Amino acid sequence: SAVTIGYFDGVHKGHSALLSRLVSQAKERGLESVVVTFSTHPREALHANYIPKLITLNEERYKLLEKQGVDYCVVLPFNSEISGKSFKQFIDDYLIGIFKTKYLLIGHDHHFGCDRANGFQEYKQYGEEKGIVVEREDVFKIKDIVVSSSYIRKEIQSGNINHAKDALGYDYFIEGTVIPGFKVGKSIGFPTANVAVNDVRKLLPAAGVY
């Protein structure tokens, strides 16, 4: 297989560029393309009191990943067993042991394994020893702005929805239950829907009417 690893919150334009390259390299090499992601945000799993603010909840994220053209999306639980593995153990146990990886594509700033001091050069060297070609995706920019999940979260929280849309490649959305409000919008000719979001981890934009 040809594999990439990440949480992919938002599945934004930078993620899409990486996944497009993964699919292209997989086809060129006669491999299956595989996205390895996690059911829990790593920081949420490692810190009991941490509640992440997510651009996309799990089902939203999986639906967006499905549109990227990869052959498989594998969701692993981010538990103590996985979080305690070094990058070499993760490569041996998962990438080689399960996915038979021949090509690994790493995001420009991505680290995996409990030994986070290691990075692309160490992955590349160990990959060569194990018969895996390891490459790194370039930084994805829009008008000199590095597109990342953290940048998009900041823009959403600031109410800069158009900036977030430019980086995401789609309209930011929330899902929830429509509840009654005070009917003020309707009375002035601008009826609105009041949406109760059913998960505290979903990132809400700055206060306002959208």
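With the requirement that a residue be without any contact (Cβ under 8 Å) to a residue 60 or more places away in the chain, over 25 Å from GLU155 (Cβ atoms) and open to solvent by 10 Å² or more (accessible area, probe 1.4 Å), what does the range 1-36 give you?
VAL23, SER24, LYS27, GLU28, GLY30, GLU32
Give the residue, chosen from LEU76, LEU22, LEU46, that is out of contact with any Cys (no Cβ under 7 Å at 6 or more places or on another chain), hydrophobic (A, V, I, L, M, F, W, C) and within 27 Å of ASP166 (Cβ to Cβ).
LEU22
Filter the range 151-192 down to residues that are under 18 Å from GLU59 (Cα atoms) and not in a loop (DSSP other than H, G, I, E, B), then give me how many there are.
Total meeting the criteria: 3.
Condition first: in contact (Cβ under 8 Å) with a residue 40 or more places away in the chain and of a type in the set (Gly, Ala, Ser). Now tell me which residues in the range 37-61 satisfy that.
Passing the criteria: none in range.
Being within 26 Å of HIS12 (Cβ to Cβ), modelled with pLDDT of 95 or more and assigned to a loop (DSSP other than H, G, I, E, B): is that true of VAL139 here?
Spelling it out, VAL139 is indeed within 26 Å of HIS12 (Cβ to Cβ), modelled with pLDDT of 95 or more and assigned to a loop (DSSP other than H, G, I, E, B).
Which residue out of VAL200, VAL195 is within 28 Å of PHE8 (Cβ to Cβ) and assigned to a loop (DSSP other than H, G, I, E, B)?
Testing whether each residue is within 28 Å of PHE8 (Cβ to Cβ) and assigned to a loop (DSSP other than H, G, I, E, B) leaves just VAL200.
Evaluate the following for TYR7: is it among the hydroxyl-bearing types (Ser, Thr, Tyr) and at pLDDT below 95?
Against the criterion (among the hydroxyl-bearing types (Ser, Thr, Tyr) and at pLDDT below 95), TYR7 does not qualify.
Among helices (runs of 4 or more DSSP H) lying entirely in the range 1-111, which contain 1 or more residues that are under 17 Å from the mean Cα position of the chain (by Cα), over 19 Å from GLU129 (Cβ atoms) and among the small types (Gly, Ala, Ser)?
Fully inside the range 1-111 and qualifying: 13-29, 42-46.
Only residues that are out of contact with any Asp or Glu (no Cβ under 8 Å at 6 or more places or on another chain) and surrounded by fewer than 17 Cβ atoms within 10 Å (Cβ to Cβ): list them for the range 152-168, please.
Listed by number, the residues that qualify are LYS154, GLN157, SER158, GLY159, ASN160, ASN162.
The values are calculated or read from the model by the stated rules, or taken from the named source; none is laboratory data. Note that the structure is a prediction, hence the values are computed from the model and not measured. Neighbour counts are summed over all protein chains in view; Cβ atoms, including those assigned to glycine, are modelled from backbone coordinates with ideal geometry. Accessible surface areas use protein heavy atoms only, side chains included; no ligands, DNA or RNA. Shrake-Rupley method; radii C 1.70, N 1.55, O 1.52, S 1.80 Å.
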